[in-house]
There are 2 protein chains.
Amino acid sequence: MALTVVGSIAFDSVRTPFGERERMLGGSAVHFALAASFFTEVRVVGPVGDDFGAEHLAALQDRGVVTEDVERVEGGETFFWRGHYEYDMNLAHTDETRLGVFGEFQPKLSPASRDAEMLFLGNIQPQLQRDVRAACRGAELVALDSMNLWIDTEREALVGAISEVDCLMLNDAETRMLTREPNLARAARAVMNMGPEIVVAKRGEYGAALFTERGLFAIPGYLLEDVRDPTGAGDSFAGGFLGYLDSRRVAGAQLEESALRQAMAYGSVLASFNVEDFGTERILRLGTGEIEDRLRQFKRITDFEVEPVRTG
Amino acid sequence: MALTVVGSIAFDSVRTPFGERERMLGGSAVHFALAASFFTEVRVVGPVGDDFGAEHLAALQDRGVVTEDVERVEGGETFFWRGHYEYDMNLAHTDETRLGVFGEFQPKLSPASRDAEMLFLGNIQPQLQRDVRAACRGAELVALDSMNLWIDTEREALVGAISEVDCLMLNDAETRMLTREPNLARAARAVMNMGPEIVVAKRGEYGAALFTERGLFAIPGYLLEDVRDPTGAGDSFAGGFLGYLDSRRVAGAQLEESALRQAMAYGSVLASFNVEDFGTERILRLGTGEIEDRLRQFKRITDFEVEPVRTG
């Protein structure tokens, strides 16, 4: 089993009401890969510049992430994002973006990355997502993330990319925006009509919802008292979700509904750890026992019994 | 068992992207009472004017709601609210409010209403909530709702009222505003330090969260494809929650955690029916079998298994 992710590798400078950090390791592919690394072998495809040091690669490699497709562009600068959050941490404020080598990114996949059974197309230009999708002919499950920018500026290419994948993972506002349907359940059905059999709507601190032909599933967010930096939470969710699914995958067999639901729970758990500290700090010191403990705790805080009641 | 509710009885004129209605029966006490009436005997305390007809009283009475403390003020006009919703139905836009008899409301409780084991203090002026609380000496469980207006203008009286109740039910933004604590879990703890042992944070379409000394519980919203009018959903949630708790109450015994969780689920179910049509229309044609069916369906769409995983 193996999982390839294509996306950004970045340095993030972030300020929140609880502190700030300069030039942390970040980017969608990094957050995704670290979260998924607890479940399966992950291969990262993405560009970095001269400023990306051995210690940054080592952070990924120490978690078992395969970095042979991390492309170093000589003379280039790694993608840089500076942003901040107010107390409402559902909303990121961007203060500076420097695309650097990410602006000219043309994904190059090694044979092993092309052959992975699962593929995550992180939030990059939709035509590049299509190119990577086409290159990975053997992928049994392909998931795609995107953002409002591409819905606004590259809608046609994005809808084309979506039509070629099995699973769409957007936040709920983006799902509504893409389909021009204000009701989330209807929006998810509209996405399924575009092609994907699986639609995951991420809802920030409120959790996530899963829609398939066989039904729907909703899970609240794991309630935390300490949220320090939400950057990367959505990608950690996706990494936990797909990483778990890859670990449960049986060649040729359809994914069971129960596996998808557990994947939603693992995604939520990884996202909950992500936000407890800045950037990748919490995930980098995370242990597998903590993941299992939190999953059980998550089950406890969401479980309820159904008993007949004396209604009248 | 019996449950008394004090709050507004109103006529609501509402427009949403899915239609509009003039002068529907509404108000917090009405939505609450109708939802709770599926579980227990409910007594409504609130004022109406000359314009409140026998057919409006009958709508409550037909559901078994006791209306002897509905006070008719001669020459007065029933509380009137006109509002509308855009596609984001989490936000109500008020176009007109006429307090009418509600502006001079001084609750008058019959002995039977004072003697109810449970009391819901709907969203009215905090000092009136305190007066009613003091009058109902025998109430074993008292819950209180409020709104941003009272947090802004009557904070001291409101904190006093909260200190005298067992359960606070606010929406999550109001809970944060009241406690000046942006994190919901911390805000709930701050509320518990004011007095209540039970804190329910309503989160609109995203569900609700429950905090007690013994732990926490979170439930997503029931995902619907057809939401026509959210007016009254929070009160229907409260009615389902407290109505169910009253039906489960055993004299002198503490409420079990499992009962509180089921009450959250029933509250969510009643709120989900509330929003399916305008005003009280859906609840008035609701059957008990539909409630039980939806509760089971709700369990199905939120349940997940916990299996050990091969993490590494």
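The values are calculated or read from the model by the stated rules, or taken from the named source; none is laboratory data. All values derive from a computational prediction rather than experimental measurement. No Cβ is skipped: glycine too gets one built from the backbone with ideal geometry, and neighbour counts run over all protein chains shown. We work out accessible area using only protein heavy atoms, side chains counted, and drop any ligands, DNA or RNA first. Shrake-Rupley method; radii C 1.70, N 1.55, O 1.52, S 1.80 Å.
Annotations
- In Å, descending, principal axis extents of the Cα set of segment B:10-75: 35, 34, 17
- Hydrodynamic radius of chain A per Kirkwood, over alpha carbon pairs, in Å: 19.5
- Using a Förster distance of 41 Å, the FRET efficiency for residue B:62-residue B:257 (Cβ separation, nearest 0.05): 0.75
- Counting only protein chain heavy atoms and rolling a 1.4 Å probe, the accessible areas of B:225, A:213 rank, largest first, as A:213, B:225.
- Per-q log10 I(q)/I(0), segment A:140-193, q = 0.16, 0.17, 0.23 Å⁻¹ (Debye; single scatterer per alpha-carbon; no solvent): -0.41, -0.46, -0.86
- Rounded if a/c under 1.5, otherwise prolate or oblate - segment A:218-312, Cα gyration tensor axes: oblate
- Coordinate range of the alpha-carbon atoms in segment B:97-238 per principal axis, descending: 41, 36, 30 Å.
- Modelled spin labels at residue B:299 and residue A:18, positioned 7 Å past Cα toward Cβ, are 3.6 nm from each other.
- Each semi-axis of the equivalent ellipsoid for segment A:176-268 is √(5λ) with λ an eigenvalue of the Cα gyration tensor; in descending order they amount to 22, 20, 11 Å.
- Residues in segment A:9-52 occluded by at least 10 Å² - accessible area, probe radius 1.4 Å, against chain by itself: A:38, A:39
- Restricting attention to the protein assembly as shown, close to 40% of DSSP beta bridges with both partner residues there are antiparallel.
- Those GluC sites (Glu not before Pro) in segment B:9-68 that DSSP places in a loop and that have at most 15 other beta carbons within 10 Å: B:68
- Counted over all Cα-Cα pairs of segment A:258-312, pairs farther apart than 18 Å make up 45 percent.
- Across chain A, C-alpha contacts under 8 Å between residues 6 or more apart give a mean separation that, scaled by the residue count, equals a relative contact order of 18 percent.
- 3J(HN,Hα) along segment B:18-27, derived from phi through the Karplus expression 6.51 cos²θ - 1.76 cosθ + 1.60 where θ = phi - 60°, amounts to 10, x, 8, 9, 9, 6, 7, 4, x, x Hz, with x in place of Gly and Pro.
- When only alpha carbons are used to place a centre, segment B:11-56 and segment B:209-276 end up 19 Å from one another.
- Estimated FRET transfer efficiency when R0 is 22 angstrom, pair residue A:135-residue A:99 (beta carbons, to 0.05): 0.45
- DSSP beta bridges in segment B:161-312 [antiparallel fraction, %, rounded to 5]: 65
- Straight Cα distances below 29 angstrom link residue A:299 to the lysines A:202, B:202, B:299, with same-chain residues fewer than 8 positions distant left out.
- Among A:215, A:195, A:64, residue whose mean-square fluctuation peaks in a GNM of chain A (springs only between Cα atoms under 10 Å): A:215
- Per residue, the accessible area of segment B:1-157 comes to 42 Å², computed with a 1.4 Å probe over protein heavy atoms only.
- Distance between the 7 Å Cα→Cβ label points at residue A:157 and residue B:92: 4.6 nm.
- Restriction of the trypsin sites (Lys or Arg not before Pro) in segment B:132-238 to DSSP coil positions whose beta-carbon has at most 16 other beta-carbons within 10 angstrom yields B:137, B:180, B:214.
- Gaussian network model of chain B, Cα within-10 Å springs - most flexible of B:279, B:122, B:138: B:138
- Simple spin-label estimate for residue B:149 and residue A:50 gives 6.5 nm between the two label positions (7 Å along the Cα-to-Cβ direction from each Cα).
- When the other protein chains are added to the chain by itself, burial of at least 40 square angstrom of heavy-atom accessible area (probe 1.4 Å, ligands and nucleic acids ignored) affects these residues of segment B:245-273: B:247, B:261, B:262.
- Carbon and sulfur %, accessible surface of chain A computed with the full protein complex present, 1.4 Å: 47
- Where A meets B: accessible area buried, both sides, 1.4 Å probe, Å²: 5100
- Against the rule of thumb 2.2 N^0.38 Å, how large the Cα Rg of the protein assembly as shown comes out: 1.03
- Heavy-atom accessible surface of residue A:286, to the nearest 10 Å², is about 10 Å², with a 1.4 Å probe and all protein chains retained.
- Chain B: DSSP helices with Cα axial extent of at least 24 Å and average Kyte-Doolittle hydropathy no lower than -1.0: B:257-274
- With all projection directions averaged, the alpha carbon convex hull of segment B:49-155 covers 8.7 nm².
- Amide proton proximity set for residue A:23, modelled H, under 5 Å, gap of 5+: A:12, A:13, A:14
- With a Förster radius of 22 Å applied to the beta-carbon distance between residue B:288 and residue B:250, the computed FRET efficiency rounds to 0.50.
- Counting DSSP beta bridges with both ends in chain B, the antiparallel % (nearest 5): 40
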